[in-house]
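Each reported figure results from applying straightforward, stated rules to the coordinates on display, with no laboratory input. What you see is a predicted model, and the numbers here were worked out from it, not measured in a lab. Cβ atoms come from the backbone with ideal geometry, glycine included; neighbour counts cover every protein chain shown.
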Amino acid sequence: MNKYIYLFAGGLAFAGFWMQMFAIPYAYVVFFVGTISMLFFRYKTTTESQDFRIRRLQRIQTLALCFLVAATYPMYINHNAYVVMVMIYAVIELFVLFRWPSNK
């Protein structure tokens, strides 16, 4: 069930991003609701691991998500800087994806 909530929140953020690309009004609201939901979900599902690497990667993911939340303000003032923040988020998430330890 939690996976579907996170997917829905990510879908809202994705939809808000594309709505902003096509200059649909109030796209920043949809994006903001999606990113705040993702941040809340990430906070609630963070596991208390003994492994330092996993804790560090979880903190990095939370920081990346803060970039995504901060991208809402350039959307609100109708500035194109939100694209840079979304790209920073994507690069950090890609880094974490490859650094995450595999389950053996």
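Quick rundown of the values:
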{"read-out": "Relative contact order, percent, the chain [alpha-carbon distance under 8 Å, six or more residues apart]", "value": "22"}
{"read-out": "About the Cα centre, charge dipole magnitude for region 2-99 (Lys/Arg +1, Asp/Glu -1 at Cβ), debye", "value": "300"}
{"read-out": "Residue among 75, 21, 85 with the largest mean-square fluctuation in a Gaussian network model of the chain, springs linking Cα atoms under 10 Å", "value": "21"}
{"read-out": "For the chain, with +1 on Lys and Arg beta carbons and -1 on Asp and Glu, the positive-most of 29, 7, 49 along the dipole", "value": "49"}
